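Trainee: Supplied in structure tokens, the structure appears directly below.
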Number of protein chains: 2
Amino acid sequence: MHASEFAHPNADVRMRGFAQRTTVEDALAWVDSAVPEFGKLGVEDVSLLNAARRVLARDVTSRVNVPGFARAMMDGFALVADDTLGATTYNPLPLEVLGTCLPSQAFQGTVSAGSAVRIMTGAPLPEGANAVLPIENAQFDGQRVLVLGEVSPGKHVGQLGEDVRAGDVVARTGQLLRPQDIGMLSSLGFDRAPAIRRPRVRILITGNELLPMGTSPTGFQITDANGPMLAALVTRDGGEPIMGPIVPDDRDAILAALRADADVILVSGGSSVGQEDHVPTLLAEHGELAIHGIAMRPSSPTGMGRLDGRLVFLLPGNPVSCLCAYDFFAGRAIRALGGRDRDWPYRRLRAQLTRKLVSVVGRVDYARMRIDGTTAEPLAISGASVLSSVTRADGFVIVPADGEGFPEGAEVDVYLYE
Amino acid sequence: MHASEFAHPNADVRMRGFAQRTTVEDALAWVDSAVPEFGKLGVEDVSLLNAARRVLARDVTSRVNVPGFARAMMDGFALVADDTLGATTYNPLPLEVLGTCLPSQAFQGTVSAGSAVRIMTGAPLPEGANAVLPIENAQFDGQRVLVLGEVSPGKHVGQLGEDVRAGDVVARTGQLLRPQDIGMLSSLGFDRAPAIRRPRVRILITGNELLPMGTSPTGFQITDANGPMLAALVTRDGGEPIMGPIVPDDRDAILAALRADADVILVSGGSSVGQEDHVPTLLAEHGELAIHGIAMRPSSPTGMGRLDGRLVFLLPGNPVSCLCAYDFFAGRAIRALGGRDRDWPYRRLRAQLTRKLVSVVGRVDYARMRIDGTTAEPLAISGASVLSSVTRADGFVIVPADGEGFPEGAEVDVYLYE
């Protein structure tokens, strides 16, 4: 009896291996081409108190000058700079003090040759004055000040518009708002910033064997790890996670969930080629299954496509594969959609392998590492699919498809989990 | 007339320069000694959906085995491994298929020599089976399966407790919760994690010249930049910012605000040695003014101390100095208090200076840089105190106190703003 005698009944066609696998490179290219251009998601005004790390949707132009008036940049005496010519500690020059300038208050009076006004940092420069003598170079008896050094015109004076001029662009489309940008926008009178709307990312967990977060695993059921993990990843990448209940292995239920409101849908589970793996078929029937099966380990059953204008990523149910597939493809799409850098947000560390790292030509490997100083120890390959292999790891190394791995002692780039 | 003829009336003692400045090194040492030991803030249970980047307050131990049963790690056939001995595509060995094992369901029946059960990834291994033959190495006609390759005992089977055993510590005190840690905790049945409470950081902005966020600067008043900027910095560093209204330059009002509930108080404005700078005096009178005046530029008027058990940082009102003083001292304290790494969260880039960077021995300089590839261009020193000097910058270089700067072309570490 020969194997060829066994026909494949149609009913079982779906229970097979992947006919062919797409390269990681081609899958990344598909992601990049599938993400609509910048600005597709539209703009929302967010409070400056919630604007940190949001992406600016348009240039922001100042309507005001900052400062809006010439002001003292140090505590001291506002005066006419020429009055200080020749002043030293051995040749102190006296000036009559007319009064005090406090911040936010206009000084009633004019400084002229031979006079000065005591001034606090931030106070408006009184009329007639063109420089500030720092308190360190002055001696004051309550009525007269002795000038102990020279100052040039404009010295220690913040000029009108020195920081920002009305009409200046102070923050640019596409930039990430940092704390100082938020401070700047506030100083100009804004209390909101126009940000790119965050991509709404629906997390669709399917599998009859799964119990929801907060339930102890029992019998032959396991508790979902991927939903909460993906929610944290989506948030990190600037998306807004939307989590529904776990969806049973049922075509109609899955199709309804795939059609719920979202910009991106992450499906975890039911994405391979087994009997209960409805999702690829549904996507192919009702939308586009662009890629299914990728030459990488783990995560080879990953798929991606479109349905009703939203991007759909089929992530393997195994948590390690789910994490890896998210990081390679879905996270990239979410970051790009939100106007962020497509590349991994992980810091890189150059480290030396403590053991050789074996891979197979034609497949990208995601090898988890423990870091000790600048050495990287590959975690044991057995049990590669268990979640503890990534919770025990500090980062990972990518073995490219065109290599067979790295020898012991090789210098590699480790991407550090955070 | 000689300068020494001028006496300093008591009323003016406070309007002077700093008598002496503390070194940055000593100020950092004070911060480190002032932050109470780990765990001072206590523990709060946070939902796993909000636990990303929180710091774990105690070890978490699993109460369950994961998986809680032996299960298939691939789609294929559960069988007795010995039945595959000698099987190849040229010597296919037939087995009777007893039925199908689906995830979460117990199979009613026992596999024995000569029989197999079709099995899906994640399904419990049926009684009697000890290995899974992958679908790729099998041909199936609906009744019998042809084995096309050998499998060894245990192959493609996830053993009970292979990922986590009951009693294992799966996450450790002090670690930052990453997405995979959150997934792991969920898979064990948890829905909350014990996190160190976030430090409550009161942001106290004082100054009669200041208008609150959302108000256009007008007349001789300026709009607060520091409150929203500090709120973003505090959030970044794992603290919980508490913002009240702007406090007038009034001793009683400031003292009341200093005594409001908080773990750390950041005071911006009124912190120098001028006439309206009440805060250092208040802190000295009612608590401890440990340090006031630091040998650095900008931010030399920075102070720090304690009041009623809380840490108080006096940050200069100038926004650039405020940012710099926060980053050097207050941020460090907030991160340490929350159990985080004390060091700056900024990524470092090794870059080459396009121009020389001049500093003064005895003072630490915070020099803002524009980055182009791997070159760093120091931003113009004039207008060093304007906020646009940090919004236009990509990062900064620290010039240590014992140096006079760096020559053109020098390799420097740039800390990248984010």
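The values are calculated or read from the model by the stated rules, or taken from the named source; none is laboratory data. Treat the numbers as computed from the prediction; the structure is a model and nothing was measured. Quick reminder, even Gly has a Cβ in these numbers, built from the backbone with ideal geometry, and neighbours come from all protein chains shown. Remember, those area values only see protein heavy atoms, side chains included, never the ligands or the DNA or RNA. Shrake-Rupley method; radii C 1.70, N 1.55, O 1.52, S 1.80 Å.
Trainee: Using beta carbons and a limit of 7 Å, which pairs, at least six apart or on different chains, have the first residue in the stretch B:65-87 and of a type in the set (Ser, Thr, Tyr) and the second one open to solvent by 30 Å² or more (accessible area, probe 1.4 Å)?
Mentor: B:THR84/B:LEU93; B:THR84/B:GLU150
Trainee: I would also like to ask the following. Can you go through A:ALA195, A:ALA166 and tell me which one is closer than 28 Å to A:ALA52 by Cβ and not in a loop (DSSP other than H, G, I, E, B)?
Mentor: A:ALA195
Trainee: So which of A:VAL397, A:VAL412, A:VAL386 is open to solvent by less than 20 Å² (accessible area, probe 1.4 Å) and under 22 Å from B:MET74 (Cβ atoms)?
Mentor: Answer to the check: A:VAL386.
Trainee: Also, quick follow-up: Could you tell me which numbered condition B:ARG172 fails, if it satisfies all but one of (1) open to solvent by 10 Å² or more (accessible area, probe 1.4 Å); (2) at the interface with chain A (Cβ under 8 Å from one of its Cβ atoms); (3) out of contact with any helix residue (DSSP H, G or I) (no Cβ under 8 Å at 6 or more places or on another chain)?
Mentor: (2)
Trainee: So, A:ILE265, is that one at pLDDT 95 or above and within 20 Å of B:PRO134 (Cα to Cα) or not?
Mentor: no
Trainee: I'm trying to understand the selection: among the residues of the stretch B:36-58, which are modelled with pLDDT under 95, open to solvent by 30 Å² or more (accessible area, probe 1.4 Å) and small (Gly, Ala, Ser)?
Mentor: Scanning the stretch B:36-58 gives a single hit, B:GLY39.
Trainee: Pick from B:VAL151, B:VAL201: which is under 30 Å from B:ALA116 (Cα atoms) and among the aliphatic types (A, V, I, L, M)?
Mentor: B:VAL151
Trainee: What is the residue count in the stretch A:59-103 for residues that are farther than 14 Å from A:ARG118 by Cα and either open to solvent by less than 30 Å² (accessible area, probe 1.4 Å) or not polar (S, T, N, Q) (or both)?
Mentor: Of the residues in that region, 20 qualify.
Trainee: Taking the condition out of contact with any Pro (no Cβ under 8 Å at 6 or more places or on another chain), in contact (Cβ under 8 Å) with a residue 24 or more places away in the chain, surrounded by fewer than 22 Cβ atoms within 10 Å (Cβ to Cβ) and more than 20 Å from A:MET73 (Cβ to Cβ), does B:THR375 pass?
Mentor: Yes; evaluated as a whole, the condition is true for this residue.
Trainee: Further, regarding this structure: List pairs: first in the stretch B:337-358 and over 26 Å from A:ARG348 (Cα atoms), second open to solvent by less than 60 Å² (accessible area, probe 1.4 Å) and of a type in the set (Asp, Glu), Cβ under 8 Å, 6+ apart or cross-chain?
Mentor: What qualifies is B:LEU337/B:ASP263; B:LEU357/B:ASP365.
Trainee: Determine, yes or no, whether B:PRO241 is assigned by TED's automatic domain parsing to the domain that holds B:PHE18 and in a strand (DSSP E or B).
Mentor: So B:PRO241 fits the description; yes.
Trainee: Let me ask another. Would a scan of the stretch B:86-97 turn up a residue that is in contact with an Asp or Glu (Cβ under 9 Å, 6 or more places away or on another chain), in a loop (DSSP other than H, G, I, E, B) and hydrophobic (A, V, I, L, M, F, W, C)?
Mentor: Scanning the stretch B:86-97 turns up at least one residue that is in contact with an Asp or Glu (Cβ under 9 Å, 6 or more places away or on another chain), in a loop (DSSP other than H, G, I, E, B) and hydrophobic (A, V, I, L, M, F, W, C).
Trainee: Only residues that are in a loop (DSSP other than H, G, I, E, B) and surrounded by fewer than 16 Cβ atoms within 10 Å (Cβ to Cβ): list them for the stretch A:135-148, please.
Mentor: A:ASP141, A:GLY142, A:GLN143
Trainee: Out of the residues in the stretch B:48-85 that are touching a helix residue (DSSP H, G or I) at 6+ places or on another chain (Cβ under 9 Å) and farther than 21 Å from B:GLY189 by Cα, which is farthest from the other protein chains (Cβ to nearest Cβ)?
Mentor: In this case the residue turns out to be B:THR84.
Trainee: Take the conditions surrounded by fewer than 24 Cβ atoms within 10 Å (Cβ to Cβ), over 25 Å from the mean Cα position of the chain (by Cα), closer than 25 Å to A:SER385 by Cα and not assigned by TED's automatic domain parsing to the domain that holds A:ILE398 and apply them to A:ALA295. Does it pass?
Mentor: Criteria met by A:ALA295.
Trainee: Turning to a different aspect of this structure: Return the only residue of A:LEU255, A:LEU283, A:LEU266, A:LEU185 being within 13 Å of another protein chain (Cβ to nearest Cβ), in a helix (DSSP H, G or I) and among the hydrophobic types (A, V, I, L, M, F, W, C).
Mentor: So the residue among A:LEU255, A:LEU283, A:LEU266, A:LEU185 that is within 13 Å of another protein chain (Cβ to nearest Cβ), in a helix (DSSP H, G or I) and among the hydrophobic types (A, V, I, L, M, F, W, C) is A:LEU185.
Trainee: Is there a residue in the stretch A:223-232 that is open to solvent by less than 30 Å² (accessible area, probe 1.4 Å), of a type outside the set (Lys, Arg), outside the structural domain of A:PHE77 (by TED's automatic domain parsing) and assigned to a loop (DSSP other than H, G, I, E, B)?
Mentor: Within the stretch A:223-232, one or more residues are open to solvent by less than 30 Å² (accessible area, probe 1.4 Å), of a type outside the set (Lys, Arg), outside the structural domain of A:PHE77 (by TED's automatic domain parsing) and assigned to a loop (DSSP other than H, G, I, E, B).
Trainee: May I pose another question? Among the residues of the stretch B:105-131, what is the count of those that are of a type outside the set (A, V, I, L, M), open to solvent by 30 Å² or more (accessible area, probe 1.4 Å) and part of a loop (DSSP other than H, G, I, E, B)?
Mentor: 9
Trainee: Just need a number here: residues in the stretch B:91-102 that are facing chain A (nearest Cβ under 8 Å) and free of Cβ contacts under 8 Å to residues at least 24 places away in the same chain.
Mentor: 2
Trainee: Shifting gears a bit: Mind listing just one residue for me: the one in the stretch A:274-291 that is open to solvent by less than 40 Å² (accessible area, probe 1.4 Å) and at pLDDT below 90 and, of those, nearest to A:ARG310 (Cα to Cα)?
Mentor: The extreme case among them is A:HIS278.
Trainee: List every residue pair whose Cβ atoms lie under 6 Å apart, where the two residues are 6 or more positions apart in sequence or sit on different chains, the first residue falls within the stretch A:105-127 and is within 14 Å of chain B (Cβ to nearest Cβ), and the second residue, located anywhere, is small (Gly, Ala, Ser) and part of a loop (DSSP other than H, G, I, E, B).
Mentor: Correct list of pairs: A:MET120/B:GLY274; A:LEU125/A:ALA70.
This table checks each residue for (1) over 28 Å from the mean Cα position of the chain (by Cα); (2) part of a helix (DSSP H, G or I); (3) not assigned by TED's automatic domain parsing to the domain that holds A:GLN20.
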| position | (1), (2), (3) |
| --- | --- |
| A:PHE329 | no, yes, no |
| A:ALA333 | no, yes, no |
| A:ARG342 | no, no, yes |
| A:ALA351 | no, no, yes |
| A:VAL361 | yes, no, yes |
| A:TYR366 | no, no, yes |
| A:ILE371 | no, no, yes |
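Trainee: Further question: So which residues in the stretch A:208-248 are among the hydrophobic types (A, V, I, L, M, F, W, C) and at the interface with chain B (Cβ under 7 Å from one of its Cβ atoms), if there are any at all?
Mentor: The answer is A:MET213, A:PHE220, A:ILE222, A:ALA225, A:MET229, A:ALA231, A:ALA232, A:LEU233.
Trainee: Write out, first by first residue and then by second, each pair whose Cβ atoms fall under 7 Å of each other, whose residues are 6+ apart or on separate chains, and whose first residue, in the stretch A:209-220, is in the same structural domain as A:GLY244 (by TED's automatic domain parsing) and among the small types (Gly, Ala, Ser) while the second is open to solvent by 30 Å² or more (accessible area, probe 1.4 Å) and in a loop (DSSP other than H, G, I, E, B).
Mentor: If the second residue must be open to solvent by 30 Å² or more (accessible area, probe 1.4 Å) and in a loop (DSSP other than H, G, I, E, B), the pairs left are A:GLY214/B:ASP191.
Trainee: Exactly one of these conditions fails for B:ARG236: (1) of a type outside the set (Ser, Thr, Tyr); (2) open to solvent by 30 Å² or more (accessible area, probe 1.4 Å); (3) modelled with pLDDT of 95 or more; (4) in contact with a strand residue (DSSP E or B) (Cβ under 9 Å, 6 or more places away or on another chain). Give me its number.
Mentor: Result: B:ARG236 passes all but (4).
Trainee: Follow-up. Return the residues of the stretch A:141-166 that are free of Cβ contacts under 8 Å to residues at least 60 places away in the same chain and at negative phi; say none if nothing qualifies.
Mentor: A:ASP141, A:GLN143, A:ARG144, A:LEU146
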